Amino acid sequence: MILDQADVHFAPEGKEGPMDVTAGAFTYARRDRFMRFERTMHMDRGGQLIDADESTVKLYPDRDETDMIELRGNAHVTGGGTMGAVQTMSAKDMNLKYGEDGRTLQHATLAGSAVIDLATKSGTGGQKLGGELMNIALEPDGSVRTLSAREAVEVTLPATKDMGPRTIRSTSLSATGNAQGLRAMKFDEKIEYREAATKTQGARVVRARTLE
């Protein structure tokens, strides 16, 4: 246990790369298979930056590789090479489930003012999604397999050659996608769809119960 001003470096082990963490306090319970970081944690996992007020890292039973990271309070994750189209994620609380290699993010649950930024193929003008509760499942290559959101859902789609930026609000969202981002979305209840005006077309507002 380090009680104050913890500054910890984990060397590579097996398939797990190096990891650097700073926090107010640090507990490593190796036999019980977890690590605990308190009072403002900042973690660098090979370029994937993770921040939260507090965090628990759960390890696999048979090896020192990350199974799950639980983030509590002001959770924020910035890309790295394992998240594919997902550039950033933020929420009050977050759970991150990793694959057998301890590196590849498989699933994320975000609760409380959740926001996810997805990149496009060109890496610019991505999709932004928000909601009170969000779940996202990723393929091994970082492609978005499924995404769902509930309560205060808001999706922003970037402008295209023929269309201005669009904003969609609803009560719930279910979506599927690939490495280029979301490809199909279904919205339910209290939908408001807005298109910004362009040089050739005025602004549009659409309201509906369902939208695909």
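Bear in mind these aren't lab numbers, they're just calculated from the coordinates by the rules spelled out. Everything numeric here is computed off the predicted structure, so don't read it as measured data. Using ideal geometry, Cβ is built from the backbone for each residue, glycine included, and neighbour counts are taken over all protein chains shown.
Do any GluC sites (Glu not before Pro) in the stretch 55-164 lie in a DSSP loop with no more than 12 other beta carbon atoms within 10 Å, and if so, which? Those that pass, being in a loop and sparsely packed, are GLU100. Measuring r between the beta carbons of ASN178 and ARG207 and using R0 = 30 Å, the FRET efficiency lands at 0.50. Extension gain for THR109 to ALA159 (0.36 nm times residue separation, less C-alpha to C-alpha distance): 15.2 nm.
Calculated FRET efficiency, LYS128 to ARG39, Cβ-Cβ distance, R0 = 35 Å: about 0.70 to the nearest 0.05. Exposed loop trypsin sites (Lys or Arg not before Pro) only (DSSP loop, at most 13 other Cβ atoms within 10 Å): please give the longest stretch of the chain free of them, not including the sites. Between the exposed loop sites, the longest stretch runs 40-120.
The residue list LEU96, THR27, ALA111 was ranked by how far each Cα lies along the charge dipole of the chain toward its positive end, using unit charges on Cβ atoms, and ALA111 comes out on top. Placing +1 on the Cβ of every Lys and Arg and -1 on the Cβ of every Asp and Glu, with no other charges, gives the chain a dipole of roughly 1040 debye about its Cα centre. Label-to-label distance, GLU192 versus TYR28, with points set 7 angstrom from Cα along the beta-carbon direction: 5.1 nm.
Going through (1) 28; (2) 32; (3) 24, the figure that equals percent of Cα pairs over 30 Å apart as computed for the structure here is (1).
In this rough spin-label picture, where each label sits 7 Å from Cα along the Cβ direction, the ARG166-MET1 distance is 5.5 nm.
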